[in-house]
Every structure is written in C-alpha cells, then in structure tokens.
1. What net charge do the residues around Glu47 carry, taking every other residue with its C-beta under 12 Å from that of Glu47, with Lys and Arg at +1 and Asp and Glu at -1?
2. Please give the per residue accessible area of region 195-331, computed with a probe of 1.4 Å over protein heavy atoms only, in Å².
3. Let me have the relative contact order for the chain, percent, based on Cα pairs under 8 Å that are six or more residues apart.
4. If you place +1 on the Cβ of every Lys and Arg and -1 on the Cβ of every Asp and Glu, how big does the dipole about the Cα centre of region 31-190 come out, in debye to the nearest 20?
5. Per DSSP H run of n ≥ 4, the term is -39500 (n - 2.57); total these for the chain, divide by its residue number, and report the mean residue ellipticity at 222 nm rounded to 500 deg cm²/dmol.
6. Rounded to the nearest 5, what % of the DSSP beta bridges within the chain are antiparallel ones?
7. Specify the residue with the greatest mean-square fluctuation among Cys214, Cys135, Cys110, computed from a Gaussian network of the chain linking alpha-carbon atoms under 10 Å apart.
8. Only Cα pairs within less than 10 Å get springs; with that Gaussian network setup on the chain, which residue of Glu285, Glu120, Glu215 has the largest fluctuation?
Amino acid sequence: MAADASRQLSGRHLKGRPQMTLSVGNASSARIVGIGTALGERVLTNEDLAEMVDTSDEWIIERTGIKQRNIGGTTAGLAARAGTAAMEVAGVDPSSIDMLILATTTPDRCVPASSSRVQEALGLDCGAMDVNAACSGFVYSLVAGHGMIAMGHERVLVIGAEVLSRITDWTDRATCILFADGSGAAVLERSEQGSDLLGWHVSSDGSMEEQLYCEHDGYIQMAGQAVFKKAVLVMEESARQSMKQAGLTADDIDVVVPHQANVRIVETACKRLRIPYEKAAMVIERTGNTSSASIPLALDDAVRSGRINEGDNVLLVGFGAGMTSASALLRWSGAPARAS
Ligand code: COA
C-alpha cells in the first residue's frame, strides 16, 4: 500500500505531467473570519515619479493602470499592523492563534524569518514561518493554512507583507513605476460549517527565473513583456484548475480578486477566462504592485465596499517571480475587513 501511494505521489511530479492538485474534501474545514490591511507610510504619485525618472502620468496610467502607490516602513511593521487589524475585526485574541504564516519576498533580514519578529510584536505564542512564492505567496500561504487546520490547528494567521521599495531601483523607469509597499492579513478559523475553500491550485515554472529576479543586495530585474505574456497564461491555467476542482464554471464566479500587477494583464486574463473584467476587484490604481500583499489588499477593499458578500464565489488568482502561480476559489464566509 505504502509503495503504491509513494509511486502515485512521485508520478505527479514527472516532467510534463499536470501540477499536483489534492482534493479538498471535508478535511479542510476552515474559514476566513477576518481581514486586515496596512499600506506604506508615504504616498508616491506618478507626478512624483516623473520628477525622478523620464516618465509621465499618462504613460504609467495607460500601460499599468497605476496612479499612486504607498512606500515606506518595514515588512514586520506592516505585517503587524495588518495582522492586528485582522485579529481585531475577527474578534480573536492573539493568544488563540496556533500558527503564523508570513508570505514575503522582502524579509527585513535574511535570517531570522520576519515572521518571528511579527510573532513577537503581536504577542503570539505559536510557530511562525516565512513563505517566499513571490506575488503568489499569499494564496500559497492561505492554502497551507487550511491544511494546518485540517491537521489539527484551531486558528492560523496568514499575512502577505512587502517593502518592495527596498529592492526597487528608483533610477530604472521600467520597474520603479510598478512596485510599492503594503500588507494584508487573514485570520483562518476551524469551522463546523465546512470549508470556504472550494478549490485551489499552486504551480511553479523555474525556467522563467531569469525573466524576473533580484540578487542579494540588488534590485528587481525584469523582462517586462516576457513576464506579461506568461503571466496571462499561468493565471488562466491556475484559475481553470481551481474552478474544475470546485466543480464551478466562469459563470459561477461572482468576484475575481487578482494579483494587482497591471490592469492590462488582468483584463487579458479575464477575457481568456470569459469572466467580465467588471467582476475583477482592483485597487492597483491606488496601491501599485505590492506582491504578496496585493491580493489581500484588493480583497479587503472589495469586502469593505460591499462588492463581496456572504455566499459569493470569490476567485483569488495570482502569479509571480519563479514563475509561480496560485489560485483559491472561496465561498465567502461573510468575514469582515478593516484597514489599519
Ligand atoms: N515611462 C515612459 N516610457 C517608458 C517607461 C516609463 N516608465 N518604461 C518603458 N518605457 C518605454 C520603453 O523604453 C519603450 O520605448 P521604445 O519603444 O522607444 O523602446 C516603450 O516605453 C515601450 O516599452 P515596453 O517595455 O514595450 O512597454 P510595455 O507596454 O511592455 O509596458 C510594462 C511595460 C513593464 C508596464 C509591462 O511590460 C508589464 O507590466 N509587464 C509585466 C510586469 C509585471 O507584472 N511584473 C511584476 C510581476 S509580479
């Protein structure tokens, strides 16, 4: 039996085979019960950038959809603010959190993980780890959090936090117009009423490494057009996998919460999925690309503005350096949200 099981598992990793997608079933009985967010301290507008590099407000809006972004702070500081807001709005005490998962590409130090600093700042008495899956990190962590609750935890705090301004070359107009700082958090809680996670999918294609990377002590290096083209394809594929696992179609999706990388990427991915762009929750105009914070920032905004309501089918989908991609199809639990 054990040998059969191990063969099946390794078979899923064979080159050319589909990425592993495990069944959710009834084991993962967790739900999001609160969302919280935080943004970098200082607003940086397109006009500000036009004084720093050879660009313009018109060019940035037309090519990306971004008008302004926030920068400043530390990853742990932003994560702690978002985590506090999420726990407060969920009405849970820090002492009741069993695990902290912090998705980030910009830890404050190489070692230790920034999650340990956040655990200390929030007064949590639990395990803590960082996850680096680039801009897909929040969804990866959300899926992992559901898994930990399936294995016995009661509550898991999942946070995406970034200080991308630290690894952005502010003299490079091809990248500095995109990136920003922020954080978003979700409290996951064991639920007797079943899981909010109807389907999920994660993937990685390491052959894309050279298209988007950052060396130690370096700045983000990006082949913009190559990333754009591949991003559209992997978002579509990941979304399809989650919908298939959930037994839902594009018509069943009430709201898409995409990684906020570029309005045109989201428009193109929605078109390929036959989901009207109007169903996409977008905050990129105000936030820029905050990597692993971008999906929870858009989720927070959609919940607070009443775009997402209890019972809605909500598709989180993103991509990032790696190139990674991830999606999670949630039946929205009705959890409240708060910006700090
Ligand atoms: N302002 C003005 N002109 C700019 C500019 C800027 N900030 N950045 C680049 N340009 C110029 C280029 O030099 C080029 O000029 P040329 O035609 O004279 O050579 C022209 O604008 C077009 O550049 P191009 O790179 O083809 O633009 P684009 O339409 O591909 O848009 C991105 C550039 C970066 C906005 C776009 O490729 C993109 O969003 N890619 C995905 C990036 C991404 O999502 N990264 C994060 C992943 S998590």
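1. On the way: positive: Lys67; negative: Asp48, Glu51, Asp57, Glu58.
Within the 12 Å Cβ shell, the charges total -3.
2. Values: 5600 Å² over 137 residues.
With all protein chains present, region 195-331 gives 41 Å² per residue.
3. Numbers: 864 pairs, mean separation 85.3, N = 340.
The normalised contact order for the chain reaches 25 percent.
4. On the way: 12 positive and 21 negative charges, 85 e Å.
Its charge dipole is roughly 400 debye.
5. Working: 11 runs with 115 residues, N = 340.
About -10000 deg cm²/dmol.
6. Details: 39 of 59 bridges.
Expressed as a percentage, antiparallel bridges in the chain total about 65.
7. Cys110
8. Glu215
The values are calculated or read from the model by the stated rules, or taken from the named source; none is laboratory data. This structure is a prediction, so every number in the text was calculated from the model and none was measured. Every residue, glycine among them, receives a Cβ derived from its backbone with ideal geometry; neighbour counts consider all protein chains shown. Side chains are part of the model used for accessible areas, which takes the heavy atoms of the whole protein and leaves out ligands, DNA and RNA. Shrake-Rupley method; radii C 1.70, N 1.55, O 1.52, S 1.80 Å.
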